[in-house]
1. All but one of (1) open to solvent by 20 Å² or more (accessible area, probe 1.4 Å); (2) more than 30 Å from Phe330 (Cβ to Cβ); (3) modelled with pLDDT under 95; (4) among the aliphatic types (A, V, I, L, M) hold for Leu180; which doesn't?
2. Looking at the range 110-117, is at least one residue in contact with a helix residue (DSSP H, G or I) (Cβ under 6 Å, 6 or more places away or on another chain) and not β-branched (Val, Ile, Thr)?
3. Mind listing whichever residues of the range 185-207 are open to solvent by 60 Å² or more (accessible area, probe 1.4 Å) and farther than 16 Å from Gly235 by Cβ?
4. Within the range 106-134, how many residues are of a type outside the set (D, E, K, R), within 18 Å of Glu151 (Cβ to Cβ), crowded, with 17+ Cβ neighbours inside 10 Å and touching a residue at least 12 places away in the same chain (Cβ under 8 Å)?
5. Would you pick out the residues in the range 73-94 that are closer than 25 Å to Lys49 by Cβ and assigned to a helix (DSSP H, G or I)?
6. Which is buried (at least 19 other Cβ atoms within 10 Å of the Cβ) and not in a helix (DSSP H, G or I), of Asp51, Asp37?
7. In the range 102-148, how many residues are over 24 Å from Ala52 (Cβ atoms) and of a type in the set (A, V, I, L, M)?
8. Can you tell which of Ala102, Ala46 is more than 14 Å from Leu139 (Cβ to Cβ) and open to solvent by 10 Å² or more (accessible area, probe 1.4 Å)?
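The values are calculated or read from the model by the stated rules, or taken from the named source; none is laboratory data. These numbers come from a predicted model, not from an experiment. Positions of Cβ are generated from backbone atoms using ideal geometry, with glycine treated the same way; all protein chains shown enter the neighbour counts. SASA here: full protein model, heavy atoms, side chains in, ligands and nucleic acids out. Shrake-Rupley method; radii C 1.70, N 1.55, O 1.52, S 1.80 Å.
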Amino acid sequence: MTAAPPPPQEGASDPGATPSKRRIGVYVCHCGGNISDYVDVEQVVAAVKGDADVVVARDAMFTCSDATQQEIAQDIAEHQLDGMVVASCSPKLHTLTFRGVARRAGLNPYEYTQVNIREQCSWTHTDDHDGATRKALRLVRAGIAHTRLSEPLEPTAVETVPRVLVIGGGVAGMRAAVGLADLGLEVVLVERAPRLGGWVARLGTTYPHDANGGALVLRLDREIRRREAITVLTGAYIIYPWYRAVAPPGTADLAAFPQRLLMASPSTSAWHSLGMEWKEHVAWLVPISITMAAAVVLEYGRNLKNHPQLRATVLCFVWVSLLAAGIAGFFGAMINKNA
């Protein structure tokens, strides 16, 4: 076992830090005792003051308070900071808070780093104050390193289509469609069978609540019909976008037809047929031939080198298997897929 590193000492700088001419401010929060009861906050601040690129290092009882936010904004302006590290609680709570501070002070909000030394440190190591302090220092220095490498960013707005495709009209797909529609989204629910419900529609009493499968599907079907935002496509396949599947004339239920009958566009129908036949009737030879080759190798072991014809046969089986599997994989990537 190796000895634990000593607690951080005042003035001890980070030996792994490389100066980058950044001007970073570090602020460590007491969180009203939630952090400082288990982490020596003053010791952490004193240790990072001498780190490369750290211009300001302070502690505060509550960094999220209005008074401390004003002090941080003043430091950014006075010391011309181009990076900021706040070591306090979870980023879920105050990321937007400190991004706002940075923005108001003229600092790009994406050059601020939140370090969680409450949930990830002080609350986790209440029985080891020295260890919690050492860990807090490492976390803060990691935040400094992250900020040192940060670049100013600008948010971008991307237009999206408020429409969702749900593939599979079983109970899970039906519930997903209802939930998404209730969020205000348009939903397209695709099912290859002629009706929704899947296997659950065929079940009677189910475990653990003794719910009837058919009744459950019927209730969800009514919920779907009540929502105009949901479009249901039954008897439909999802296909690879390079091809356009064409069902046989007069087809009402695509699930009743083999995959190979959903032909691709006329220009590629021959390759489509060959690929489907290969995948269905040739590729299954691969595990058989590999198994035969493995059985011969296990039977003869090192003595196989004394049987050149048998060795050549084994290699032939292996190469044929690899070739067949490769061709099947190629067709699998190129031929249309259905859900």
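1. Unmet condition: (3).
2. yes
3. Scanning the range 185-207 gives Glu186, Trp199, Arg202, Leu203, Thr205, Tyr207.
4. 5
5. Hits for the range 73-94 are Ala73, Gln74, Asp75, Ile76, Ala77, Glu78, Pro91, His94.
6. The unique qualifying residue is Asp51.
7. Matching residues across the range 102-148 total 1.
8. Ala46
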